1. From the list E:Thr154, E:Thr178, E:Thr148, E:Thr172, exactly one residue is hydroxyl-bearing (Ser, Thr, Tyr) and out of contact with any strand residue (DSSP E or B) (no Cβ under 7 Å at 6 or more places or on another chain). Which is it?
2. Quick one: is E:Ser88 closer than 16 Å to E:Val19 by Cα, crowded, with 17+ Cβ neighbours inside 10 Å and in contact with a strand residue (DSSP E or B) (Cβ under 7 Å, 6 or more places away or on another chain)?
3. Quickly run through the range F:187-239 and pick out the residues that are under 30 Å from F:Ala142 (Cα atoms), open to solvent by 50 Å² or more (accessible area, probe 1.4 Å) and in a loop (DSSP other than H, G, I, E, B).
4. Test A:Ala13 against the stated conditions and say whether it is outside any helix (DSSP H, G or I), more than 14 Å from the chain's Cα centre (by Cα) and within 14 Å of chain B (Cβ to nearest Cβ).
5. Within the range B:156-172, is there a residue that is touching a Leu at 6+ places or on another chain (Cβ under 9 Å), at pLDDT 95 or above and not polar (S, T, N, Q)?
6. Look through F:Val155, F:Val177 and report the one residue that is surrounded by 23 or more Cβ atoms within 10 Å (Cβ to Cβ) and within 16 Å of the chain's Cα centre (by Cα).
7. Please tell me if A:Pro167 is open to solvent by 20 Å² or more (accessible area, probe 1.4 Å), out of contact with any helix residue (DSSP H, G or I) (no Cβ under 9 Å at 6 or more places or on another chain) and of a type outside the set (A, V, I, L, M, F, W, C).
8. Just to be sure, is D:Val170 facing another protein chain (nearest Cβ under 9 Å) and either without any contact (Cβ under 8 Å) to a residue 60 or more places away in the chain or in a strand (DSSP E or B) (or both)?
6 protein chains.
Amino acid sequence: MSGPMTDAMIPGAARVLVVAPHPDDEVLGCGATIARLAAHGAEVTVVAACADLPPLYGADVAPQVEAEARAAHAVLGVHRSVFLDLPSVEVSRGPVAVLNGGLQRVVDETRPELVLIPFPDRHVDHKAVFDAAMVVTRPIGAGTGIRTVAMYETVSETFWNAPGAEPAFVPTWSVDVTATIDAKIEAFGRFASQLQAFPGPRSVEALRALALFRGSQSSMPYAEAFQIARMTSPAGGCA
Amino acid sequence: MSGPMTDAMIPGAARVLVVAPHPDDEVLGCGATIARLAAHGAEVTVVAACADLPPLYGADVAPQVEAEARAAHAVLGVHRSVFLDLPSVEVSRGPVAVLNGGLQRVVDETRPELVLIPFPDRHVDHKAVFDAAMVVTRPIGAGTGIRTVAMYETVSETFWNAPGAEPAFVPTWSVDVTATIDAKIEAFGRFASQLQAFPGPRSVEALRALALFRGSQSSMPYAEAFQIARMTSPAGGCA
Amino acid sequence: MSGPMTDAMIPGAARVLVVAPHPDDEVLGCGATIARLAAHGAEVTVVAACADLPPLYGADVAPQVEAEARAAHAVLGVHRSVFLDLPSVEVSRGPVAVLNGGLQRVVDETRPELVLIPFPDRHVDHKAVFDAAMVVTRPIGAGTGIRTVAMYETVSETFWNAPGAEPAFVPTWSVDVTATIDAKIEAFGRFASQLQAFPGPRSVEALRALALFRGSQSSMPYAEAFQIARMTSPAGGCA
Amino acid sequence: MSGPMTDAMIPGAARVLVVAPHPDDEVLGCGATIARLAAHGAEVTVVAACADLPPLYGADVAPQVEAEARAAHAVLGVHRSVFLDLPSVEVSRGPVAVLNGGLQRVVDETRPELVLIPFPDRHVDHKAVFDAAMVVTRPIGAGTGIRTVAMYETVSETFWNAPGAEPAFVPTWSVDVTATIDAKIEAFGRFASQLQAFPGPRSVEALRALALFRGSQSSMPYAEAFQIARMTSPAGGCA
Amino acid sequence: MSGPMTDAMIPGAARVLVVAPHPDDEVLGCGATIARLAAHGAEVTVVAACADLPPLYGADVAPQVEAEARAAHAVLGVHRSVFLDLPSVEVSRGPVAVLNGGLQRVVDETRPELVLIPFPDRHVDHKAVFDAAMVVTRPIGAGTGIRTVAMYETVSETFWNAPGAEPAFVPTWSVDVTATIDAKIEAFGRFASQLQAFPGPRSVEALRALALFRGSQSSMPYAEAFQIARMTSPAGGCA
Amino acid sequence: MSGPMTDAMIPGAARVLVVAPHPDDEVLGCGATIARLAAHGAEVTVVAACADLPPLYGADVAPQVEAEARAAHAVLGVHRSVFLDLPSVEVSRGPVAVLNGGLQRVVDETRPELVLIPFPDRHVDHKAVFDAAMVVTRPIGAGTGIRTVAMYETVSETFWNAPGAEPAFVPTWSVDVTATIDAKIEAFGRFASQLQAFPGPRSVEALRALALFRGSQSSMPYAEAFQIARMTSPAGGCA
């Protein structure tokens, strides 16, 4: 059952888990939905699987990105931030049990009702984290408490799959984020190294245009869009 | 907003519209979900598009089926039953505006939050009614109040599409119907002419097996499964 | 072979045919590409299949829309506008030969190298016109001169198909329209009855956001996106 | 050519190879078909690719499961059981040649006409074994003797793929297993550690419901369903 | 059960029904398979749904094509030829019951085990006849005797669907037709008006190349390829 | 912009990069297109990712294949041949950065307008190289100069995916190669160890039949077919 105050329009809004391949994907993909949920009383946990670690990246990169992520999460109202610190680019080559185990622990600790995960797109880490997230959210055991698993789009990466040969992101769920699109853009601004100038896909203009476009598909001013992987309605009482 | 008492586990449970190509499809596809929703206070309207009319069918067929449907609806707790009486098998050849207009009127009258529609399967009427239902539930105008449009499976018909050449029913949403599977089977029993002996797909055994199978996919004893066509979360207050 | 001056970046840019189910679809779907092609010397023909005719529409509707379309075409630099005046909503129920024959005549007259056609989406007329356009552009006879057939997106309609049960628009081709996005918006403004206020999908804001979003997918400021149905490279000389 | 006595209704029924990611998948997926084939004189070989090995599992797990599998195979009439003993969960990370080579040897030894393989579903081992099985059954060399390669469903795992983003199991082939469904359930009972209480997906009730549901799709009392990956009809004589 | 002599490599080879939208499609799509089946003792019935009738075609067209078809069928060893004489191009607009009823009668008369039907491709008649054929071969009533329903490719038409927006022919079944490819080409030669000069898709060279290409996919010299829509293995005895 | 002389019918014909998993895939997949492009003045670079290295292969294998490839490239008019010498079969298990980095360097050096890549098919190396090629051709940074990324078919391998469970090659682009099909076959003849006798899929007869079949789909005598992954038309001047 949901707690005393949650968003009446979003199924399973009390405890939310957002799975990010890398810190910033959660903001790009569903930052405004996170802010909306948090504003309505949800307990939102973000778990970021990968970090840009040596030797592929300098030793100062990961700590800085983590600090940026924490600042962004503060803007959005995230309740708890978890960093698994698995190696970016190479996570898909590591033992399956390490990634799955890390995510499983967070699921067990947070018992989410709603889980937002990345779409399996061009980026090899997104594919690996998607796969692990689908495993730990299976509707068995602790997973039976999860009401909704939905995939978010990560600007640019999500649109670089090869049509016909790879899956395409085709959203089924639109969330009105008119009230929180500004918070999303402010939060993304905390990632100093990621924000691009227009016409980059990670520019303020592109983020706002995507939200306006997704909104226009459902008669909302601004929206974030998701592709539902699984929704369940267990036996339950009345609201 | 939802009314004073609704099912806390089903998004948009206050006012529900079920679109049936022919009377009995709504029972086969989502009879137990209807019963669950009604039991939790939802106002459920069923609109049946087609009737088995002369000259393809005898003059007594349609009235009898309608009476059976009303009896079945009473078992399920349906609030209102609408029969558009368009000609079975031939509805897809009639003016588009007649079918669409008939459904639109019911949408306008009931202002549903949740709409359950048939999957576009082997039966030509199912395709036509699916198409019309997708038109009248577009997220514009009155349609913006609809939070969820989901397709149900109609035993047998739904599984006779040609794989690869036609769409396959792949559910995304499971509803626990353990408490109401018996009501569904009782309601289907009201259709004297439709109930088959085992191993027919419309036998008591097949209906129960389908619900048990759909349940087993989501760790529920019995479930009905739906493929979500569209879900929207408009800006809203707290529950 | 192409003429003396054409757009070097667009295959088959000398003679272009744009097939619109209704006047305004061509502007929504590819108005800025039309303007770009025309500005580079292409001879662009627009053929609109349907008109909003009595008895479903008032007698003054079709003439007014045609006048608006001609004004919009003038903004875009369209060379020739053809109106087949088949009945909106009901065209799919008419003789196949009438729609196909009407389009075939325009193909024969214009001998296009590039043909832009609607995606088969929610609107029944879009499906019918898509189907006819695919027939008249088959790579046989006169059709062998066509180098590219591509589908455009019609805001909103294209995104109201049911994911999984109906095809989704997944673009393969992006055209930079930074130089002509303003012309597109100006042209759409000529359709007095169609332009919506924000947040409607046919608002200035939504059109601009779509172009910015499509651009961001390919590192362009503004783009229009197409799904290629067929591209052919006949034996040819050097440019 | 087929031997002196085989099932007249199943193409290539003389020599059958069943590829299981883990022991028990073959029983869940096609145990009743195995029993039917064996009862009609087929020589059925089961090869299980993976075992639950240390350090992820205790040292006693694999031997016990193998003993259970042999007992189950005896119930079904399996001719020969092969255990490759590759590490569960981690097989996809090992050298491709090890898994492929192991399966290739069994294909070479058994020269199957019919090969039943897992669907590439949620479980990473299922994906890896599917992939290897597709390689060793290519219609070249020894593989040209294989008449049918078909994928079976593994309860639960097969239904936890993300619709739209991952492939869905959509069967094309139904095998009547009314005569052997009891043998399947008895065989699965040999896996003491795997059998679940209802409503688990691996309960007696769920297995029976799946078979009844698959049967109802084809007017059979009980059936197992397969998705055909490849069928070939080489030049041949008369039966 | 199969009769005293049938092709041991083809499931359900005793009584075969081939559904052709227009006379000649059956030769293009599966003429060599027909010849192979007939040579092995099968009773092959061909039913052609449409004829090129006035006013769209001259009054002499249909009788001439029918005569050509009978001559072609004689070459292939067809047992019985049925011509429903429904109007080409317009059959999809006629009453559903007329086309379905015509095909149903032939199914009832021939009680086929194997049914070969067109793929739903570019040609509107192919779509309509595919749909009707799928209805009359449902696995209920008389249809439960049908063991295999497979779709054939009709050169050119089948490859003019729009990728991504329409289904693509992706074969699952290859039939070695090395012994009968010449008969197919001879039979197609009986259609004086249809045979094209190279490089037409209906030229001798193209037909032979298609068969060689399909063969090369399965290590056969020449093959015809099919996409299986449904295969069933009812309970049965031994062969 | 294109250089002084290029093929007027092929978008981005000045600088072409062909990515081959193994030497010979580029000839099988697009050898005749390479020859056509080169004959019209294009600068074609071929990069082969993998080599058959010890211990899986003898030490003399890779050098011999490389010599054969260089001879084949000379026949086709290839400008530059690059061999990354990554281990066949095992490349997918190596660090992602090695394969991606190797391809990225070639992209940076050649600044291609057109990139031809393998379809992700049965062969594990083809999947890995496809994936890496899609990464290095993303439309960002240096990649924005790429106008077209297209997938070619590799005879046999491409047709051994499991329909429904894996992607199917469905071409969108046909290139007339009537003038260069002989060069392709001659070039493939340079791979002494790869050329098969008929009816092998890598026989002269099969290669010619495939080209004739692909041609017949677009009214060309001989063609090679591609599935377009991405096409972009940046802002540009006139030709």
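The values are calculated or read from the model by the stated rules, or taken from the named source; none is laboratory data. Quick caveat, the model's predicted, so the values are computed rather than measured. Every residue, glycine among them, receives a Cβ derived from its backbone with ideal geometry; neighbour counts consider all protein chains shown. Heavy atoms of the whole protein, side chains included, go into the accessibility calculation; ligands, DNA and RNA do not. Shrake-Rupley method; radii C 1.70, N 1.55, O 1.52, S 1.80 Å.
1. The unique qualifying residue is E:Thr178.
2. yes
3. F:Ala235, F:Ala239
4. Judged against the criteria, A:Ala13 is a match.
5. Scanning the range B:156-172 turns up no residue that is touching a Leu at 6+ places or on another chain (Cβ under 9 Å), at pLDDT 95 or above and not polar (S, T, N, Q).
6. Answer to the selection: F:Val177.
7. So A:Pro167 passes the test.
8. Against the criterion (facing another protein chain (nearest Cβ under 9 Å) and either without any contact (Cβ under 8 Å) to a residue 60 or more places away in the chain or in a strand (DSSP E or B) (or both)), D:Val170 qualifies.
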